[in-house]
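The values are calculated or read from the model by the stated rules, or taken from the named source; none is laboratory data. These numbers were taken from a predicted model, which means no experiment stands behind them. Because the Cβ atoms are built from the backbone with ideal geometry, glycine has one as well, and the counts that use them run over all protein chains shown. Ligands, DNA and RNA are stripped out before the accessible areas are found, and what is left, the full protein with its side chains, is counted by its heavy atoms. Shrake-Rupley method; radii C 1.70, N 1.55, O 1.52, S 1.80 Å.
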Amino acid sequence: MTTIQNILFPVDFSPSCVAMAAYVKRAAAIFSAKVTLVHVFDLYSHDAFQLYVRPLSEVAEERQDLARERLDSFLKSEFPLGQAPRKLLSGDAAKQIVQLARTDKFDLIIMPTHARFFRGNLLGSTTAKVLNDADCPVLTTQHAETTSPRHLEHREWACAIGSDTDSERVLRYASQAAEAVHANLTLVHVIPASGPDLPVELDLEERLQSAKREASSRLIEELQSATGSHAVVSIAIGPIKEMLTEEARRLRADVLVIGRSPRSGALGRLRDLSYALARDAPCPVLSV
């Protein structure tokens, strides 16, 4: 059974994190989970003048103390110190977040996308690296520095289902998580449309699409039987990312669940649609 007991909330004191606070608090309440805030700072990022007039160890200690003070005072009303532990780490932010999640066995990482000036093209390097390397599920939202996350009602969840061997794992997780929050679950399967340059006659194209729909329906029926799921199924034809985002919008989904490749690195998750969907989806994306 999918259980979410420990949520990791990376913070960098930005408006995005402030906007995310109510969202994280709501998710924790729904799952009766504990939230841990983590901040990663660069211990040795100093200006040349400071290093010239003061010892490196002294400057580093001061930066650590300032970071600790800022972390302890950040979002105190939303996450009281006695209820929400706070961890201060130094080094590469993404690496430290991933390692902490792995070592302390967190069930979920929640973080906003940081697209900055290139919102249409980038997630933000830290979020992208965490998506690529984290072992546990990662939930991301739209760019919270400009758009506060929509209040989670958890009435409608959507789950993108492919035809690969990993689909059963993704469906099992989505089905159990949706059941835990008493949400309706819709499975969305997209059949890529034939390229516009392919010399396929219209009636043949229709027959091909009909055959693909039937095959997809059988596959999803088998997956649901194997996982004990009874979700509604929606099969669409077209570009995968665009159709998934459109279906999430049509359903007014609170969460879109997608699978990440089991392999990390350049030959694994970097080749899937996780980044594009997390960036452009009209609702939070849970990458499992």
Report summary line: Those residues of segment 209-246 that are in contact with an Asp or Glu (Cβ under 7 Å, 6 or more places away or on another chain), under 16 Å from L185 (Cα atoms) and in a helix (DSSP H, G or I) come to a total of 3
Query raised in the report: Counting just the residues of segment 109-130 that are of a type in the set (A, V, I, L, M, F, W, C) and buried (at least 21 other Cβ atoms within 10 Å of the Cβ), which one comes out modelled with the lowest pLDDT?
Result: L123
Query raised in the report: What residue, among those in segment 91-105 that are in contact with a strand residue (DSSP E or B) (Cβ under 8 Å, 6 or more places away or on another chain) and open to solvent by less than 50 Å² (accessible area, probe 1.4 Å), is farthest from V24 (Cα to Cα)?
Result: G91
Query raised in the report: Checking V98 against (1) assigned to a loop (DSSP other than H, G, I, E, B); (2) free of Cβ contacts under 8 Å to residues at least 60 places away in the same chain, which test does it fail?
Result: (1)
Report task. Check whether at least one residue in segment 45-54 is within 24 Å of A278 (Cβ to Cβ) and either at pLDDT 85 or above or outside any helix (DSSP H, G or I) (or both), and report yes or no. Result -> no
Report task. Scan segment 232-260 residue by residue and report those that are of a type in the set (S, T, Y) and more than 24 Å from A134 (Cα to Cα). Result -> S234
Report summary line: Here the residues within segment 209-239 that are closer than 22 Å to L277 by Cα and open to solvent by 50 Å² or more (accessible area, probe 1.4 Å) are V232, V233, P239
